[in-house]
1. If you take the residues of region B:393-410 that are under 15 Å from B:Val437 (Cα atoms) and in a loop (DSSP other than H, G, I, E, B), which of them is nearest to the other protein chains (Cβ to nearest Cβ)?
2. When only residues in region B:268-297 that are in a strand (DSSP E or B) and within 24 Å of the chain's Cα centre (by Cα) count, which is farthest from B:Leu28 (Cα to Cα)?
3. For B:Ser24, indicate whether it is under 21 Å from B:Gly334 (Cβ atoms) and not in a helix (DSSP H, G or I).
4. Restricting to region B:129-144, count the residues that are more than 19 Å from B:Pro194 (Cα to Cα) and buried (at least 20 other Cβ atoms within 10 Å of the Cβ).
5. Among the residues of region A:3-30, what is the count of those that are surrounded by fewer than 10 Cβ atoms within 10 Å (Cβ to Cβ) and within 14 Å of chain B (Cβ to nearest Cβ)?
6. Filter region B:6-25 down to residues that are of a type in the set (A, V, I, L, M, F, W, C) and touching a Phe, Trp or Tyr at 6+ places or on another chain (Cβ under 9 Å) and give me whichever is farthest from B:Gln81 (Cα to Cα).
7. Please enumerate the residues belonging to region B:440-449 that are buried (at least 22 other Cβ atoms within 10 Å of the Cβ) and among the β-branched types (Val, Ile, Thr).
8. Those residues that are in a strand (DSSP E or B), of a type outside the set (Ser, Thr, Tyr) and over 20 Å from B:Glu370 (Cβ atoms), I need them from region B:298-329; list them, please.
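The values are calculated or read from the model by the stated rules, or taken from the named source; none is laboratory data. Here the structure is a predicted model, which is why all the values come from computation and not from measurement. For neighbour counting, all protein chains shown are included, and Cβ atoms are generated from backbone atoms with ideal geometry for every residue, glycine included.
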Amino acid sequence: MPEKEYITNLLPKEETTQSKPLRYISKHRPQVAEEEKQSKRPAKTMGPAKMPVPSTKNYLKKHSKEPGLPEKKPFKYPDDERKRPPIPCKKDVPLMGLKSNKNFVTENALENVTAIPRKPTKIYCDTRKGDKHLLQPSGLEPNYVQKTNYGEVPPYLKKREEEMKKAQEQYDAYISEHVKQGAMKHLSEEERESILAGLKKNWEAVHHDYQGMSVVTDTIMKKNIKERLEMMMKQLERDIEIIERHKTIYIAN
Amino acid sequence: MSERKSHEFPQLKLESIIGFNGRSPSGLIVHPDREHIVYHLGYVVIVENINTQEQTLLSGHHNDVSCLTVSKSGRYLASGQIIYMGFKADIIVWNYETKDIHCRFTLHKVKVQALDISPNDKYLLSLGGQDDGSVVLWNISAKEAICGSPAQAVTAGVTLCGKFANTSDLLFMTGGEYCLRIWDVDLKNRKVRPTEVNLGPYKRIVQCIAVEEDDSYFYCGTTTGDILCVTMKTSTLNVIGPQKKMFSRGVQSLILVKTGGHLELLVGAGDGTVAIVKDKSTKFQRTKNSHKLKGSIMSLSLRGAGHQFFVGTDTSNMYRFNYMEFTCKLLNTGHSSAVNDIIFPAGVPKLFLTCGAEQIRVWHTPSQKELLRIVVNNMTCNALDIAKDGSVIVSAWNDGRIRGYYPESGKIMYQIENAHNRGVTSIAFMSDAKRIVSGGGEGQVRVWEVSTGYTHKKDVIKTGLVESMKEHKGCVTQIKVFPTDQHCVSVSTDGTCIIWNLEKFQRDAVLFANTLFQCACIHPDCCQILTSGTDRNVAYWEVVDGLQIRSLEGAKSGSINALDISADGKYFITGGDDHLLKMWNYDEGNVIFVGIGHGGSIKRVKISPDQKFIISVGEDGAILHWAYPIKSES
């Protein structure tokens, strides 16, 4: 039995021609064309480059291309520069006939005998084979404990603490100042006393007037005066009582 | 009457026609402008551009066109027709430039046999058919007859062909059964005077005449298969040949070609041979150039001087030949007889299938070219269907067989022998393509099953009968299966339409009408069906109870053979013997578009799956491609 066939396969296949990418055209083309247009051509107008003609004497010589021997150098000892000047000769006459009596041999011997022996460098060994290391930087020897200022607060910290404290104080002062400026005015004790005394004095004056009034209030005028005085006294009494009752008084501004 | 009325409606736009009536002698002519070919199909004459394939239709005849000619200058076309016994057949002279009717001549009875236009476009020569037997000369510019005369002696048979001389308007030759005449025209006395050509001992039936350029000789092709060369002056036979290897089934068409100074004859024979023969000095000896085509060569026509020529065969194939290389190319092909059915593969508007006598063809819609042809000799395919996935084509044949084909190779997949004893007339696939419902000429509706089996170590396809349902008394003309596969509807010429239950294989409903039902279609919502038949009515039926809802008069004359409904169910299309394609509104039941263009009865019509075009097929073998007039909403 043949494969399954489908009628849609009869439809002519649409030929899909892959369109070629466009031919490459250099972007410098217009420039080239422009240059082509100009009649002057650099190489043609300038002629060949002017160069010195090579000399006929420098022809190629025999064996010149073979590797030659290195150039000769005078012999030198490697320690030539470190060498001390040679010992004076036996026959050499000292300068101006000066001569020292110093016995260098004994002098040197004495110097060495009396010299304080050098302390050996401290080392430690960490393996069986005896690998040596310096003890000093290893941390095994107590270095810092030996220091004179060991255990003290370093001066820079102290200085810093002081600075901090000072700054804090300054800040607090500034804040309180600021608060004070914004706050209500506080009536001081003296002012309070003086106000109180003034009020009492006023009251006594009013009271004196009151006592000096006639007993019978028969006219409207008298009545009005009496009422006014009573009003004033009452007001003063109320003020005095308020001020006496409160120790601290703020004045709203 | 209906034709006159149909002009009032908006017309469907005809996009193209596939088809060609190759059976008439010289029915395919290359126009002298070398750009167009002229041929006829059914009632219409078609002028087609060779390169662009653009077609112009010249319609004016009332029946089949029988003969065609083009004047030498190309100014005029003339076409003659056949008509029923007792009526007079028209000759129409067309103005080629404007493509309209120049004049209409009506004189010949029943059939116009042959036409020719004189070299200076002055006169038209026409020959009547068997029932007429006269030759008439017409003045084209004056649009009148000049004179007429009996075309042949009483003892002779039909005159088949006539030809004007090349140098004179007043000299022509006619030839036919045992009769070959040269005619002189006497314009003054309005007479034509014949001179019999003396053929001596030879008795020949002349089928075609070709005249030499200087009118010294003319050549006649005969049914015997030889060519006669006659001297014009003396009216005597000069040469007859070829003596050996005569053309079998006769020389049907003949053309003279001058190549390189010497004359050659291009011969088209009845057995399909196109050959070049040498001139009379060698007694028409055959050359190597010979090509055998299918069918008989009915027309040969040179393009220009003759570097190319066109060949038309009676199997409706058009070929283009290159004269020098003698190679041919199939240019155009069509059904040569009635197209019985057309279908679209589901959802593929680019392809459609048609069937007719001996053939099933698959067409490519955009190019109008044939993609596949399945041929069964001597049988007629009445109906066909394709599986929903497009994997099988099943066809109903008049030899009582159902044949299934592979759709690509066209090879046979299975064949059900003796499916119906009076020929299978209708067929339909169920949606899974495993079952086929077929109807036969005896009136039975049968359900077949196709399955794959395994025998002799091979996969084979087995077919078997599932059920046979015997209710119809007449030929089952169409079967349509409902999309649900549970029901199908069959219509019959006994005046019944039955809705079958395909699960119980019983009749669900039967509809009676006093008509020979020709077609049915199911509305897409499956609630209603449409039927129509010879009573010219389109009937709407309810599926559930089988009651008729509505009946519309579909045509004023002639039965309605074709129905198809659009996928949205809003419109349907009818076509019938009145040659008109009508588009209807389904709900309103009124005609909204009319398509005029068919030159014969419409057999089937289909709307493309994408609702972009309509294809209708006719009894004359034409396949017409119409634009769908309503833009689909999607």
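1. Only one residue fits best here, namely B:Arg401.
2. B:Lys292
3. Taking the combined requirement at face value, the residue satisfies it.
4. Qualifying residue count for the region: 1.
5. Result for region A:3-30: 4.
6. Going through the qualifying residues, I end up with B:Phe9.
7. Once the filter is applied, which keeps residues that are buried (at least 22 other Cβ atoms within 10 Å of the Cβ) and among the β-branched types (Val, Ile, Thr), region B:440-449 yields only B:Val445.
8. B:Leu300, B:Leu302, B:Arg303, B:Gln308, B:Phe309, B:Asn322
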